[in-house]
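Taking it in order: structure first as structure tokens, then the write-up.
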Amino acid sequence: MYCFRSEESREQQRISREIERQLHKDKNAGRKEVKLLLLGTGESGKSTFVKQMRIIHGAGYTDKEKEAFKTLVYQNIFLAMQIMCDALRTLSIELEYPMNQENIELILKIDLEDSIALTPERLNAMHQLWADQGMKMCYERRREFQLSDSSKYYLNNFDRIADPNYLISLQDILRVRVPTTGIVEYPFNLDSTIFRIVDVGGQRSERRKWIHSFESVTSIIFLSALNEYDQVLVENENELFTELYTNLKKEIRKKRWKWIGQILRKSPNCLTRQALIWNPEGQRRRG
């Protein structure tokens, strides 16, 4: 009887050790996957951050994926010019060449939801408008309206981008602005650890979805664009971006997360120096 119990006891101990080993193995395996929740407002650079991680640490982009970005580049260029055409009127800036008024009408009629065709007529209109000193003045006053940081980059590279044999570069892809809607997840492997980045839309309508993304999160990365320090929100002209960041940090703390720090991101064109010269005290101004 005693021998039977000893044998049974040894077997139970063996099973117990096996279970502990498996639990330890599972625990270590769990440590090899890190879920990072990427938060921030629209235009803070979350999607750009994901693209950079994908290019540097991931598989990058296939030729087919790069080709798909071309249409987005064209949309970004025409959208930038449409925004400046509207701002030209709002700010009562006169064109250097009144004949460019026809080019403005042509550009404003472009439906960005349709396939963007780079017709000779549109290309000529873009060239003439961007060369007009009135449009240059409008761009210099971009702090008074909402314009993507990448606008000048694309417009200055318009000849290259408009070339029929245009080969999109990684820099072109990084600068593409496409608002994130919903929740986008991208995994990549770094030093035997799988990092799973979760990118959540930053517009106000998307921020209510953040609550659904906190489950099983290892860390939160909160991005702020430095050049937005004195800008007001498109959705609320009475609220500064800096005020929004403060409020969002409070909301994150309510989820029982310890606030360690945040990434202050330079935009690709780094407009921070100009913003500081124009508004060193960070006073309210229209986007």
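Nothing in this text is a laboratory measurement; each read-out follows from the coordinates by a stated rule. Since this is a predicted model, take the numbers as computed values, not measurements. Ideal geometry is used to build each Cβ from the backbone, glycine not excepted, and the neighbour counts take in all protein chains shown.
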Kindly give the semi-axes, whole Å and largest first, of the ellipsoid equivalent to region 157-202, taking each as the square root of 5 times a Cα gyration tensor eigenvalue.
30, 17, 7
Contour minus end-to-end for ILE194 and LEU170, with contour as 0.36 nm per residue of separation and end-to-end as the Cα-Cα distance?
6.3 nm
List SER219, SER150, SER224 from most exposed to least, where exposure is judged by having the fewest other Cβ atoms within 10 Å.
SER219, SER224, SER150
ILE197 long-range amide H proximity, modeled H, under 5 Å:
LEU36, TYR186, PHE188
In whole Å, what are the Cα extents of region 98-152 along the three principal axes, biggest one first?
30, 26, 15
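Please pull out the direction-averaged projected area of region 63-175, using the convex hull of its alpha-carbon atoms, in nm² to one decimal place.
Value for region 63-175: 6.9 nm².
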Around TYR61, what is the net charge, scoring Lys/Arg as +1 and Asp/Glu as -1 over all other residues with Cβ under 15 Å from its Cβ?
+2
Amide H contacts under 5 Å for LEU39, placed H, 5+ residues apart:
ILE221, PHE222, LEU223
From the backbone phi of region 126-133, what are the Karplus-calculated ³J(HN,Hα) couplings (6.51 cos²θ - 1.76 cosθ + 1.60, θ = phi - 60°) in whole Hz, Gly and Pro given as x?
5, 4, 5, 5, 5, 7, 6, 5
